[in-house]
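Undergrad: Take this structure, written in structure tokens, and hold onto it; I'll ask about it next.
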Amino acid sequence: MRRNVEVKARLREREAVLRAALALRALGADGPGTGQEPTRERPGAGQEPPQQWPGAGQVLLQTDTFFRVPRGRLKLRRTPDGRGELIFYERPDRAGPKVSLFSTSPTADPEGLQAVLSQSLGVLGTVRKERLLLLLGQTRLHLDRVQGLGDFLELEVVLRPGQSERDGQRLARDLLRDLGVADSDLVPGAYLDLLLARGHGGDSGDSAPCQGQQG
């Protein structure tokens with residue numbers, strides 16, 4: 001299994017965090033904690049949507065269907081181009097940076113695989129999101145707009161061979177600080193947990209991938 005350090009937070013000002021992330025990337029830093037403070041500007045009225053900013057990153061539309069398993073989490077991720085990826089992961093359900101152990105397997109037939117998994121395991125729920133992906137050194141920065149929940153930030157520090165969990169946690173905390181994300185905004189668990197807590201876990205997972213719905 002592969003491993004990374006992950007952390008998730010609610011976003012109060014999505015555009016402000018995006019500006020800070022782009023400022024960090026423009027510095028050419030190999031990840032956070034460079035000692036240089038990014039420029040933080042508040043978005044003005046009529047601000048252009050982030051996905052239209054030149055060089056702002058890659059926009060991904062994803063539908064994640066979670067299945068019932070005895071341990072960890074198993075989800076099938078589908079995208080509008082008809083491709084899919086089966087993802088199994090284990091990580092603690094606590095706020096703040098923590099290690100995630102995961103395995104992935106691509107599939108060219110996500111609909112057929114979903115039908116088999118739904119019949120054999122049962123579906124917990126479905127999460128639909130629009131994800132803006134930026135790369136900062138060894139960190140994948142996700143600005144997620146989740147249907148039914150709103151805007152979130154997710155960081156994935158991809159640990160290098162021999163790199164410790166503590167190193168990854170430090171990198172994640174440094175980047176959270178540089179982006180102006182407060183500890184009070186950190187959230188545990190998965191988006192599905194938040195949806196289930198609100199009384200909606202999505203549908204049975206049989207519908208098509210999202211086409212940019214706003215959360």
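Undergrad: Provide the net charge surrounding VAL146, with neighbours chosen by a C-beta distance below 13 Å and charges set as Lys +1, Arg +1, Asp -1, Glu -1.
TA: That works out to +2.
Undergrad: Sticking with this structure for a sec: Would you please give the residues with an amide H less than 5 Å from that of THR107, counting only those at least 5 places away or on a separate chain, with H modeled from the backbone geometry?
TA: Long-range HN contacts for THR107: GLY84, GLU85, LEU86.
Undergrad: Going by the alpha-carbon gyration tensor, a ≥ b ≥ c the square roots of its eigenvalues, is region 68-147 rounded (a/c under 1.5) or, if a/c is not under 1.5, prolate (a/b greater than b/c) versus oblate?
TA: oblate
Undergrad: Let me ask another. What does the extension gain come out to for THR104 and SER184, with contour length at 0.36 nm per residue minus their alpha carbon separation?
TA: 25.7 nm
Undergrad: At 0.36 nm per residue, and after removing the present C-alpha to C-alpha distance, how many nm does the segment from LEU133 to LEU121 gain when stretched out fully? Don't skip to the answer; put the middle values down first.
TA: Working: separation 12, 0.36 × 12 = 4.32 nm, distance 3.08 nm.
Result: 1.2 nm gained on full extension.
Undergrad: Let me ask another. Hey, with R₀ at 25 Å, roughly what FRET efficiency would ARG140 and LEU196 work out to, going by the Cβ-Cβ distance, to 0.05?
TA: 0.50
Undergrad: Using each residue's phi in region 134-147, evaluate 6.51 cos²θ - 1.76 cosθ + 1.60 at θ = phi - 60° and report the 3J(HN,Hα) Karplus result to the nearest Hz, with x for Gly and Pro.
TA: 10, 10, 10, x, 8, 10, 8, 9, 10, 9, 9, 10, 9, 4
Undergrad: Treat the count of other C-beta atoms within 10 Å as a stand-in for reagent exposure and order GLU6, GLU85 from fewest to most.
TA: Arranged by neighbour count, lowest to highest, GLU6, GLU85 become GLU85, GLU6.
Undergrad: Once you have the Cα-Cα distance between MET1 and GLN163, take 0.36 nm times their residue separation minus that, and quote the gain in nm to one decimal.
TA: Numbers: separation 162, 0.36 × 162 = 58.32 nm, distance 1.51 nm.
Working it through step by step, the gained length comes to 56.8 nm.
We did not get these values from a lab; they are worked out from the coordinates using the rules stated. Computed from a prediction, not measured in an experiment: that's the story for all the values here. Note: ideal-geometry Cβ built from the backbone for every residue, glycine included; neighbour counts use all protein chains shown.
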